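Shown next, in structure tokens, is the structure this report addresses.
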Amino acid sequence: MQSELDFKPVSYSQTTLTELMIPAYANFGGKIHGGILLSLMDKVAYACASKHAGSYCVTVSVENVEFLEPVDVGDMVSMFASVNYVGNTSLVVGIKVISENFKIGTVKHTNTSYFTMVAKNDEGKPIKVPGLTLNNEEDVRRFIEAIKRKQIKQVYKVELDNAKTSIKNEMDKKLLAGERCNFSFTF
Ligand SMILES: CC(C)(COP(=O)(O)OP(=O)(O)OC[C@H]1O[C@@H](n2cnc3c(N)ncnc32)[C@H](O)[C@@H]1OP(=O)(O)O)[C@@H](O)C(=O)NCCC(=O)NCCS
């Protein structure tokens with residue numbers, strides 16, 4: 001049975017990473033590369049997850065990465081990470097990304113994404129993570145949302161596998177009607 005010591009509150013591992021967006025991070029359009037933001041998100045997810053787990057962690061999956069607003073050179077980007085959910089060896093870290101421009105006084109919420117991480121021991125074997133103490137309604141809401149996302153992901157995976165099978169069987173021309181593609185062969 002788990003003792004109280006096997007649980008940690010969300011606040012214990014909450015982590016913020018703030019970084020100035022320098023010109024070296026820009027793409028050819030003068031905005032910040034999505035890959036730079038993803039790399040910073042992975043970093044803060046690792047810091048948050050490994051603090052909660054008290055061990056090394058690896059990234060298993062990333063959900064909900066949609067950059068809704070561009071980030072400009074000179075912006076100060078802050079990533080707020082907290083453990084939303086724990087399984088047995090896995091944990092979900094929610095990351096809210098905010099981009100601030102001090103010169104013109106704007107604050108943009110660019111995205112909120114979810115990183116699933118797995119704790120590992122020195123031999124690379126997944127290990128049990130501490131439980132999560134939920135101290136307020138927001139903690140509970142995030143935990144429940146993570147359970148729902150997990151359920152939806154399972155359904156989505158089955159649906160996608162079924163869709164792949166039916167594509168192979170039917171090569172459905174009706175689905176392609178109205179799409180911006182043409183054919184260089186007959187089928
Ligand atoms: C993730 C990994 C540890 C899973 O190993 P495994 O032997 O399949 O272990 P398990 O099946 O017991 O899964 C371990 C946990 O990962 C979770 N998991 C596995 N695949 C998952 C996926 N696609 N999405 C979300 N969670 C997943 C399982 O649900 C399980 O969680 P739980 O213990 O909380 O129930 C293994 O695939 C791995 O090491 N991958 C490489 C990770 C890595 O190197 N990342 C760096 C980026 S390249």
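Do you know which residues across segment 122-162 are more than 20 Å from the chain's Cα centre (by Cα), more than 18 Å from Asn84 (Cα to Cα) and loosely packed, with under 12 Cβ neighbours inside 10 Å?
Listed by number, the residues that qualify are Asp122, Glu123, Gly124, Lys125, Val158, Glu159, Leu160, Asp161, Asn162.
Might you let me know whether segment 109-120 holds any residue that is out of contact with any His (no Cβ under 7 Å at 6 or more places or on another chain), loosely packed, with under 10 Cβ neighbours inside 10 Å and either farther than 19 Å from Leu37 by Cα or not hydroxyl-bearing (Ser, Thr, Tyr) (or both)?
no
As an exercise: evaluate Met117 against (1) within 11 Å of the ligand (Cβ to nearest atom); (2) at pLDDT below 95 and give the number of the one condition it does not meet.
Met117 satisfies every listed condition except (2).
Where in segment 1-79 are the strands (runs of 3 or more DSSP E), entirely inside, with at least 2 residues that are of a type in the set (A, V, I, L, M)?
In segment 1-79, 15-20, 56-63 are the strands (runs of 3 or more DSSP E) which contain 2 or more residues that are of a type in the set (A, V, I, L, M).
If we keep just the residues of segment 166-187 that are surrounded by 10 or more Cβ atoms within 10 Å (Cβ to Cβ) and in a helix (DSSP H, G or I), which is modelled with the lowest pLDDT?
Going through the qualifying residues, I end up with Glu170.
Tell me, please, whether a residue that is outside any helix (DSSP H, G or I), out of contact with any strand residue (DSSP E or B) (no Cβ under 9 Å at 6 or more places or on another chain) and not acidic (Asp, Glu) can be found in segment 127-143.
Yes, segment 127-143 contains at least one residue that is outside any helix (DSSP H, G or I), out of contact with any strand residue (DSSP E or B) (no Cβ under 9 Å at 6 or more places or on another chain) and not acidic (Asp, Glu).
Among the residues of segment 4-28, how many are within 21 Å of Val71 (Cβ to Cβ) and without any contact (Cβ under 8 Å) to a residue 12 or more places away in the chain?
Number of matching residues: 3.
Just one of the numbered conditions (1) surrounded by fewer than 15 Cβ atoms within 10 Å (Cβ to Cβ); (2) assigned to a strand (DSSP E or B) is not true of Ser99; which one?
Here Ser99 meets the rest and fails (1).
(1) touching a strand residue (DSSP E or B) at 6+ places or on another chain (Cβ under 7 Å); (2) within 16 Å of the ligand (Cβ to nearest atom): which one isn't true of Ser78, the others all being true?
Checking Ser78 against (1) touching a strand residue (DSSP E or B) at 6+ places or on another chain (Cβ under 7 Å); (2) within 16 Å of the ligand (Cβ to nearest atom), the one that fails is (2).
Any residue at all in segment 67-79 that's surrounded by fewer than 18 Cβ atoms within 10 Å (Cβ to Cβ), closer than 19 Å to Glu138 by Cβ and of a type in the set (S, T, N, Q)?
yes
Picking from Ser113, Ser82, which residue would you name as being among the polar types (S, T, N, Q), touching a residue at least 12 places away in the same chain (Cβ under 8 Å) and within 15 Å of Leu40 (Cβ to Cβ)?
That would be Ser113, the only listed residue that is among the polar types (S, T, N, Q), touching a residue at least 12 places away in the same chain (Cβ under 8 Å) and within 15 Å of Leu40 (Cβ to Cβ).
Pairs, please: C-beta under 6 Å, at least 6 apart or cross-chain, first residue more than 14 Å from the ligand (Cβ to nearest atom) and in segment 87-99, second in a loop (DSSP other than H, G, I, E, B)?
Matching pairs, first to second residue: Ser99/Val71; Ser99/Asp75.
Given the structure, is Val62 more than 16 Å from the ligand (Cβ to nearest atom) and either of a type in the set (Val, Ile, Thr) or at pLDDT below 95 (or both)?
No: the conditions fail for Val62.
The values are calculated or read from the model by the stated rules, or taken from the named source; none is laboratory data. Keep in mind it's a predicted model, so treat the numbers as computed, not measured. Because the Cβ atoms are built from the backbone with ideal geometry, glycine has one as well, and the counts that use them run over all protein chains shown.
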